[in-house]
């Protein structure tokens, strides 16, 4: 699994435009096979930095996403929206992979990329927060801990 992390320098006077841009990309990444973890918008402190993260099964899957996005009409429209609004000034792209204490203690929700959208305690989990906690708990005594 690979996670792409984006750090944007945004135009602080165009926060609504950038938030709209962000909301355009979340379903597009998911439509093209990724799992979008959302955007983090400025709240307090620096008002010109926004972050985003999304994951793919592999770097090859990410590259396929990039190829597909280049010809996807909705992705092209999202890029055009940026070109019209100039809602961010620059961005940096970095790639990461999660590391856990051991492979056995890795929460299963992280080990299986299809489950990444359901974090421990998530109300979005199909079976509710309690099921999300038990599904993502590492095996053994540590699974009794409270999230």
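No lab work stands behind these numbers, since they all come straight from the coordinates. Since this is a predicted model, take the numbers as computed values, not measurements. Reconstructed Cβ throughout: ideal geometry from the backbone, glycine too, with neighbour counts over all protein chains shown.
What the table below lists for this structure:
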| item | result |
| --- | --- |
| Packing rank of 67-76, 7-16, where each peptide gets the mean count of other beta carbons within 10 Å, highest leading | 7-16, 67-76 |
| Pair residue 26, residue 76: separation of 7 Å Cα→Cβ label points (nm) | 2.6 |
| Prolate/oblate/rounded call for the stretch 1-106, Cα gyration tensor, a/c under 1.5 rounded | oblate |
